[in-house]
Amino acid sequence: MTEAGRDIPALVRSQFRSALPAKLGIALSGGGDSMALMHLLHDCFGSGEVQLFAATVDHGLRPGSADEAAAAGAAAARLGIPHEVLHWTDRPQDGNLQAQARAARYELLCGWARQHGIPVLALGHTADDQAETVLMRMARASGVTGLSGMAARRTHKGVTLLRPLLDVTRSELRRYLEARGVDWAEDPSNEDTRFERVRVRKALEHLAPLGVTPEVLASIARNMSKAREALDWYVFLAARDLAHVQAGAVVLCQRKFRTLPVEISHRLLVRAVQWVSGAAYPPRRVPMEKAVLAARSGSSATLAGCRLVCTAKQVWVCREYNAVNGVTALPGQLWDGRWKIFGGDAKGCEVRALGRQGLAQCPDWRAAGVPGPVLEATPAVWRGARLAAAPAAGMANGWSAETAGSEEEFFASLLSH
Ligand SMILES: Nc1ncnc2c1ncn2[C@@H]1O[C@H](COP(=O)(O)OP(=O)(O)OP(=O)(O)O)[C@@H](O)[C@H]1O
């Protein structure tokens, strides 16, 4: 990229909306990007307008990682920024270590931010990272959402993750650090071609002469991000028109659903499935496409821990009984991550899915107007093997069942991804 001489601190400052957070966290790996991020934020807010805090995750995967984390801490101390090292202690024995380390890093950093009342956490992803992400997603034939790259701002478990450097290139940041005489550590894995991202970075050098530059790829991400915002808006309008939430399920009017543009119906169904299952990531594209076809044609399907139950006029997106069979909680606790069942005599009781056998013991279940398979995956109160209550299926016996998220929250979630 060629934006030599830009005022980088001003560019970073412009990423913050007028309401500045009182406290701002910095995810400081010790590498050049996040080191530059820390200095830039110090330039912008060091006068005390915003209190800065930094944290480094020591994954303990490399000899010397503790020293690197300590060096990052020393760099923060030189700017007067409080710093903490977070340790990854529950390392698994197998699986994709990189992916697990990444997930653990976000958990640790967000946990640290919440613990210190820090609402916003800044990450050092650059325009080059964005370009690499777009290229990797092109290789996976991603749609509009994937090609819109990393979001400049998103919420993760109550913390806003902010990427103020997404429009700034790595070389601009290196120049900025060099001009200030600041040192940084090079991560040796940046040269390790076993990693897809490193191979993509090298491939980009060959694509640049063809005009497929990081700048172009980052601008594709920006364009796609606008398209995605527009699509989300129409999904929201469609949902308002044809969906409601009942018995913990998202209920769609089948006649209206099948006349939606395929992309809108696809997106709406993805969000409904995520809402019902609580999954952080959307289901895979191919099973999802099959499910959309099923819902549009009025046939039933299962996917990603959910079931699509089609009635004469509606498509119910509900939990799949097999996904919650075996999930238990005490009354008053969260069941399946979203249901709360309370109100009755809790002594000796346990919350489990109603199931087919439980449903057979609820004489009035049809009065609720909810299909049987939907009710089977709702919570019920059991005293041993005996059914004590099934509020969603018309057998309340003094108990109530509520989902943590309301219908309004479902609609709001359609705009907040
Ligand atoms: N060990 C760490 N401790 C604290 N922050 C880190 C650490 N590693 C990475 N980060 C933060 O994440 C940013 C991006 O780094 P990197 O690309 O290595 O992480 P990533 O999370 O794997 O990225 P992606 O989200 O693209 O997979 C860094 O600039 C830094 O802000």
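Among the residues of the range 110-126, those identified as more than 10 Å from the ligand (Cβ to nearest atom), farther than 26 Å from Leu415 by Cβ and either among the small types (Gly, Ala, Ser) or in a loop (DSSP other than H, G, I, E, B) (or both) are Gly111, His116, Gly117.
Is it the case that the range 96-105 has a residue that's in contact with a Pro (Cβ under 9 Å, 6 or more places away or on another chain), of a type outside the set (A, V, I, L, M, F, W, C), within 13 Å of the ligand (Cβ to nearest atom) and outside any loop (DSSP other than H, G, I, E, B)? Yes, the range 96-105 has at least one match. Restricting the range 48-76 to residues that are part of a strand (DSSP E or B) and more than 11 Å from the ligand (Cβ to nearest atom) leaves a set whose member that is farthest from Glu186 (Cα to Cα) is Gln51. Return yes or no: is Leu79 crowded, with 16+ Cβ neighbours inside 10 Å, of a type in the set (A, V, I, L, M, F, W, C), in the same structural domain as Leu28 (by TED's automatic domain parsing) and within 9 Å of the ligand (Cβ to nearest atom)? No.
So if I check each of Val351, Val370, Val374, which one is out of contact with any Ser or Thr (no Cβ under 9 Å at 6 or more places or on another chain) and at pLDDT 95 or above?
Just one listed residue meets the conditions, Val374.
Pairing residues of the range 21-34 that are in contact (Cβ under 8 Å) with a residue 24 or more places away in the chain and of a type in the set (Ser, Thr, Tyr) with residues that are within 13 Å of the ligand (Cβ to nearest atom) and in a loop (DSSP other than H, G, I, E, B), at Cβ distances under 7 Å and at least 6 apart in sequence or on separate chains, gives Ser34/Leu28; Ser34/Gly124.
Reported count of residues in the range 203-251, each being acidic (Asp, Glu) and within 30 Å of Ala368 (Cα to Cα), is 1. Residue pairs whose Cβ atoms lie under 8 Å apart, separated by 6 or more positions or on different chains, with the first residue in the range 132-149 and without any contact (Cβ under 8 Å) to a residue 12 or more places away in the chain and the second surrounded by fewer than 22 Cβ atoms within 10 Å (Cβ to Cβ) and in a loop (DSSP other than H, G, I, E, B), are Gly146/Arg140. Residue pairs whose Cβ atoms lie under 9 Å apart, sitting 6 or more positions apart in sequence or on different chains, and linking a residue in the range 301-325 that is in a helix (DSSP H, G or I) to a partner that is among the acidic types (Asp, Glu) and surrounded by 20 or more Cβ atoms within 10 Å (Cβ to Cβ), are Tyr321/Glu376; Ala323/Asp336; Val324/Asp336. Could you check, for the range 261-279, whether at least one of its residues is buried (at least 18 other Cβ atoms within 10 Å of the Cβ), farther than 26 Å from Glu402 by Cα and small (Gly, Ala, Ser)? Among the residues of the range 261-279, at least one is buried (at least 18 other Cβ atoms within 10 Å of the Cβ), farther than 26 Å from Glu402 by Cα and small (Gly, Ala, Ser), which makes the answer yes.
The test for being assigned to a helix (DSSP H, G or I), more than 18 Å from Asp183 (Cα to Cα) and under 27 Å from the mean Cα position of the chain (by Cα) does not hold for Leu37.
Taking into account only those residues within the range 173-201 that are away from the ligand (no atom under 16 Å from the Cβ) and either part of a helix (DSSP H, G or I) or surrounded by 13 or more Cβ atoms within 10 Å (Cβ to Cβ) (or both), which is nearest to the chain's Cα centre (by Cα)? Filtering first and then ranking leaves Arg175.
Evaluated against (1) surrounded by fewer than 23 Cβ atoms within 10 Å (Cβ to Cβ); (2) within 23 Å of Arg170 (Cα to Cα); (3) within 9 Å of the ligand (Cβ to nearest atom), Phe45 falls short on exactly one condition, (3).
Would you check if Leu217 is among the aliphatic types (A, V, I, L, M) and under 18 Å from the mean Cα position of the chain (by Cα)? The answer is no for Leu217. Scanning the range 397-410 for residues that are out of contact with any Ser or Thr (no Cβ under 9 Å at 6 or more places or on another chain) and either crowded, with 16+ Cβ neighbours inside 10 Å or part of a strand (DSSP E or B) (or both) returns Trp399, Ser400, Glu402, Thr403, Phe410. Within the range 175-213, the only residue that satisfies the criterion of being under 23 Å from Ala36 (Cα atoms), at pLDDT below 90 and β-branched (Val, Ile, Thr) is Val198. Taking the conditions (1) more than 14 Å from the ligand (Cβ to nearest atom); (2) in a strand (DSSP E or B) in turn, Leu11 satisfies each one other than (2).
Applying the set (1) surrounded by fewer than 16 Cβ atoms within 10 Å (Cβ to Cβ); (2) touching a Phe, Trp or Tyr at 6+ places or on another chain (Cβ under 9 Å) to Met138 leaves exactly one unmet item: (2).
The values are calculated or read from the model by the stated rules, or taken from the named source; none is laboratory data. Please read all numbers here as calculations on a predicted model, not as lab measurements. We place every Cβ from the backbone using ideal geometry, glycine too, and count neighbours over all the protein chains shown.
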